[in-house]
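One structure is given here, and the rest of the page talks about it.
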Amino acid sequence: MSESFGQLFFIMKRIALHTLGCKLNFAETASIGKQFAGRGYHVVDLDEPADVVVINTCSVTERADRECRQLVRRALRHSPDAFVAVVGCYAQLQPAEIAAIPGVDLVLGTKEKLDVLRFLGEGGKRAEPEIAVSCIDQIHDATAASSAGYEGHTRAYLKVQDGCDFLCAFCTIPRARGGSRSLAADTILAGARDAAAHGYREIVLTGVNVGDYGTTETPDLLRLLQRLIDVDGVDRIRISSIEPNLLTDDLIDFWASQPRICNHWHIPLQSGSDAVLRGMRRRYRRDLYAERVAAIRSVAPNAGIGADVIVGFPGETDERFEETYEFLRDLPLSYLHVFPYSERPDTPAASFPGRVEPKIRTERSERLRALSARKRHLFAASFVGATVPVLFETDHGTGISSGLTEEYVRVRVQADSHLTNSIRRVRITDAADDTCTGNLE
Ligand code: SF4
């Protein structure tokens, strides 16, 4: 190390970032990191010494409080004098609880969370933690966020929308993030161009309820996609998730017809019992869901289609769970994300009758996860003999590289050269569990 570089490294301030929860949080944390990098900060891991620590929280997990305490303790072990900011969804919902955690200097809610730099001021630990949390009803704008340019990732997460108006009975997100609002298409297009300029081959459109996208000038997700596919340099566009009732025929047809839009559809289901869906205040019933999956398969037979499922929601009797199990078993899905229901304070469902014992929630989760493993394997095996484009993400250091197909299937190949962040065609020769193996063409 030269002396000047050594001195530079010595005086360079460091920021440690940690994200809990979803891809949207990840994009927002990355945006905070980029602001700090623009001020000369070096981004480090939470387990490295840092001058500033930012923890972006999630309100979905029931362990939010414990996780947050543990993370603050972990950060302070490595950096006892670091300025600690806790921001995001959980900070919005429980600011006083977070401010009471020893070592926390700043608590920022949904509106303020991207302004850590401004609140930091001259830095240094505070005698008393500062709390800045606006009332959620007063938030009408969506702030832009993107992980493009962030170190160590091959896919850029691009925020297109925030908040939700759907008010499902179990969900804290509308209270943590507010009502649905969308970013201007020009802002999103600029973000996509920026991702391409940073060398990203794939962008993932993220939001709380992406299918609800709409502004005065770009009224829905279909119109946004029609503009995004023309951005030069973006090879793949992936849509993180879409509610089944927002998946229109026009959107399905366009999505399936565009080679740049990944043939991967993540569609939350939550339950295969209409009685449970009604209790959850979901805006569709199981027939609509099955019909949407069939509509996708009719135009995109090889589509990767995944579902979120919550088990053990109040009122989910054994019969209703069996209904869900059989419904999912018979649907041509590629994978399931299974979540045992957890009571969240101040949600309507927390006081619903028909509580399901935690042990039963666990058993039901295990059954559905086993079903998901079988579906994943069958889906991966369906590609044996085919040649598919793979975006490589990881060199495993032993001549093995892996990446993802557009249908979200992991593929491993033996390769001498460095493949990360390149899209290469691979002939699939085998599938074990949920992973394919193959040869570069
Ligand atoms: S659609 Fe329902 S579960 Fe999803 S964010 Fe909105 S309220 Fe929550």
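A few points about this structure:
- Of all the listed residues (Ala96, Ala100), the sole one being outside the structural domain of Arg177 (by TED's automatic domain parsing), without any contact (Cβ under 8 Å) to a residue 12 or more places away in the chain and surrounded by fewer than 19 Cβ atoms within 10 Å (Cβ to Cβ) is Ala100.
- The set of residues from region 191-228 being exposed (fewer than 15 other Cβ atoms within 10 Å of the Cβ) and aliphatic (A, V, I, L, M) comprises just one member, Ala197.
- Strands (runs of 3 or more DSSP E) fully within region 72-156 counting 2 or more residues that are under 19 Å from the mean Cα position of the chain (by Cα): 83-88
- Boolean, Ile136 is over 15 Å from Gly88 (Cβ atoms) and either open to solvent by less than 10 Å² (accessible area, probe 1.4 Å) or within 16 Å of the ligand (Cβ to nearest atom) (or both): no
- All of (1) at pLDDT below 95; (2) open to solvent by less than 10 Å² (accessible area, probe 1.4 Å); (3) within 19 Å of Glu128 (Cα to Cα); (4) of a type in the set (A, V, I, L, M) hold for Ala64 with one exception: (3).
- Residue within region 240-249 that is among the charged types (D, E, K, R), within 16 Å of the ligand (Cβ to nearest atom) and either buried (at least 16 other Cβ atoms within 10 Å of the Cβ) or within 23 Å of the chain's Cα centre (by Cα) (or both) present: yes
- Taking the listed residues Val43, Val54, the one that is outside the structural domain of Thr206 (by TED's automatic domain parsing), open to solvent by less than 10 Å² (accessible area, probe 1.4 Å), in contact (Cβ under 8 Å) with a residue 40 or more places away in the chain and over 26 Å from Tyr341 (Cβ atoms) is Val54, with no other qualifying.
- For Leu277, the conditions (1) within 20 Å of Thr347 (Cα to Cα); (2) open to solvent by 10 Å² or more (accessible area, probe 1.4 Å) all hold with the exception of (2).
- Region 384-441: number of residues that are closer than 20 Å to Cys262 by Cα, open to solvent by 20 Å² or more (accessible area, probe 1.4 Å), of a type in the set (Gly, Ala, Ser) and at pLDDT 95 or above: 1
- Residue tally, condition open to solvent by 60 Å² or more (accessible area, probe 1.4 Å) and of a type in the set (Lys, Arg), over region 371-383: 2
- Candidates Arg227, Arg297: the one that is over 17 Å from the mean Cα position of the chain (by Cα), under 29 Å from Asp141 (Cβ atoms) and away from the ligand (no atom under 16 Å from the Cβ) is Arg227.
- Scan of region 175-199 for residues that are closer than 17 Å to Glu28 by Cα, within 16 Å of the ligand (Cβ to nearest atom) and not in a loop (DSSP other than H, G, I, E, B), ordered by number: Ala176, Arg177, Arg181, Ser182
- Leading residue by the ranking (surrounded by the fewest Cβ atoms within 10 Å (Cβ to Cβ)) among those in region 306-341 that are of a type in the set (A, V, I, L, M, F, W, C) and in contact with a Lys or Arg (Cβ under 8 Å, 6 or more places away or on another chain): Phe327
- For region 79-91, a residue qualifies if it is touching a residue at least 40 places away in the same chain (Cβ under 8 Å) and open to solvent by 20 Å² or more (accessible area, probe 1.4 Å), and exactly one does: Asp81.
The values are calculated or read from the model by the stated rules, or taken from the named source; none is laboratory data. Remember, predicted model here, so these are calculated numbers, not experimental data. All Cβ positions, even for glycine, are placed from backbone atoms using ideal geometry, and neighbour counts span all protein chains on display. The accessibility values were calculated without ligands, DNA or RNA, using every heavy atom of the protein model including side chains. Shrake-Rupley method; radii C 1.70, N 1.55, O 1.52, S 1.80 Å.
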